[in-house]
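These notes are about the structure you will find just below.
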Amino acid sequence: ESSPQPVLVTTEEVYPIPNYGSAMTPVYSILAIWVGGTILVALIKVKAEPKDLENVKSYQLFFGRYLLFFVMGQLQALIIVLGDIYILHCQILYPGWFWLVASLASVTFTLLIYSLALSFGDVGKALAVVIMVIQIAGSGGTFPIELLPGFFQKLQPIMPFYPAMNALRETIGGFYGNNYIMYIGALLLHTIIPLLIGL
């Protein structure tokens, strides 16, 4: 005879995610996009040389070279998205919107990393790695931000990982209000500083 239960608990899943892997997809996908951008500046020369061209403006050289990083970054993002969907079989309720976030994250990250590498050389490349490490620890992706030191809590809102990961979460678990649009907007705001640095 089973003993009577003092409390009867019923679990109602509002945004069900079936496994831990799907829940961690935003963190590792965004991290992979950043790492891809960091590897690009290590493999491809960032400074464009205006050979046989006259009166070339600096912004033309900037965007002309960035176009290569943009295309390579988009290919990387697409491979990551297709891998999440077809190889890892992560739960993604809205694959199109998921890909859009990955694509915009790639633009934001490659622009920032490219600008740092172009402006500060090897120091800029090292800075991109340092920024990545800080974001892994302090963007609230793997650990609740409320339980982290105050330093990380202050940094979290201004880190590009934060809106990118949260926008991806919306496409995996389900949309809540206008959060998706707000996170996309916040992510795109992170393109302003790299443009100011690079140009």
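Summary table below
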read-out: Members of region 40-84 that are acidic (Asp, Glu) and assigned to a loop (DSSP other than H, G, I, E, B); value: Glu49, Asp52, Glu54
read-out: Conditions (1) closer than 21 Å to Lys125 by Cα; (2) not in a helix (DSSP H, G or I): number failed by Thr108; value: (2)
read-out: Test: residue in region 44-52 that is modelled with pLDDT under 90, surrounded by fewer than 18 Cβ atoms within 10 Å (Cβ to Cβ) and aliphatic (A, V, I, L, M); value: no
read-out: Complete set of residues in region 53-70 that are of a type in the set (A, V, I, L, M) and either closer than 21 Å to Leu196 by Cα or touching a Cys at 6+ places or on another chain (Cβ under 8 Å) (or both); value: Val56, Leu61, Leu67, Leu68
read-out: Pick from region 61-84, criterion in contact with a helix residue (DSSP H, G or I) (Cβ under 6 Å, 6 or more places away or on another chain) and open to solvent by 40 Å² or more (accessible area, probe 1.4 Å), ranking: nearest to Ala42 (Cα to Cα); value: Met72
read-out: Tabulated pairs, region 89-101, first in contact (Cβ under 8 Å) with a residue 40 or more places away in the chain and closer than 12 Å to Phe175 by Cα, second assigned to a loop (DSSP other than H, G, I, E, B) and open to solvent by less than 60 Å² (accessible area, probe 1.4 Å), C-beta under 8 angstrom, 6+ apart or interchain; value: Leu93/Gly174; Phe98/Ile92
read-out: Residues satisfying the stated conditions in region 142-178, i.e. under 25 Å from Gly21 (Cα atoms), assigned to a loop (DSSP other than H, G, I, E, B) and modelled with pLDDT under 90; value: Thr142, Phe143, Pro144, Leu148
read-out: Scope region 176-187; condition hydrophobic (A, V, I, L, M, F, W, C) and either closer than 21 Å to Gly124 by Cα or open to solvent by less than 70 Å² (accessible area, probe 1.4 Å) (or both); matching residues; value: Ile184, Ala186, Leu187
read-out: Every pair of residues 6+ apart whose Cβ atoms lie under 7 Å, when the first sits in region 71-88 and is at negative phi while the second is among the aromatic types (Phe, Trp, Tyr) and open to solvent by less than 40 Å² (accessible area, probe 1.4 Å); value: Val81/Phe98
read-out: Pairs where the first residue, in region 115-141, is at pLDDT below 95 and the second is open to solvent by 20 Å² or more (accessible area, probe 1.4 Å) and of a type in the set (Phe, Trp, Tyr), C-beta under 6 Å, 6+ apart; value: Gly138/Phe152; Ser139/Tyr162
read-out: Among residues of region 120-136, those that are open to solvent by less than 50 Å² (accessible area, probe 1.4 Å) and over 14 Å from the mean Cα position of the chain (by Cα), counted; value: 2
read-out: Which listed residue, of Leu116, Leu100, is under 30 Å from Tyr180 (Cβ atoms), in contact with a Pro (Cβ under 9 Å, 6 or more places away or on another chain) and either open to solvent by 60 Å² or more (accessible area, probe 1.4 Å) or in a helix (DSSP H, G or I) (or both); value: Leu116
read-out: Members of region 9-23 found to be exposed (fewer than 15 other Cβ atoms within 10 Å of the Cβ) and part of a helix (DSSP H, G or I), listed by number; value: Tyr20, Gly21
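The values are calculated or read from the model by the stated rules, or taken from the named source; none is laboratory data. Not measured: the values here are computed from a predicted model. Ideal geometry is used to build each Cβ from the backbone, glycine not excepted, and the neighbour counts take in all protein chains shown. Just the protein is used for accessible areas: all its heavy atoms, side chains included, with ligands, DNA and RNA removed. Shrake-Rupley method; radii C 1.70, N 1.55, O 1.52, S 1.80 Å.
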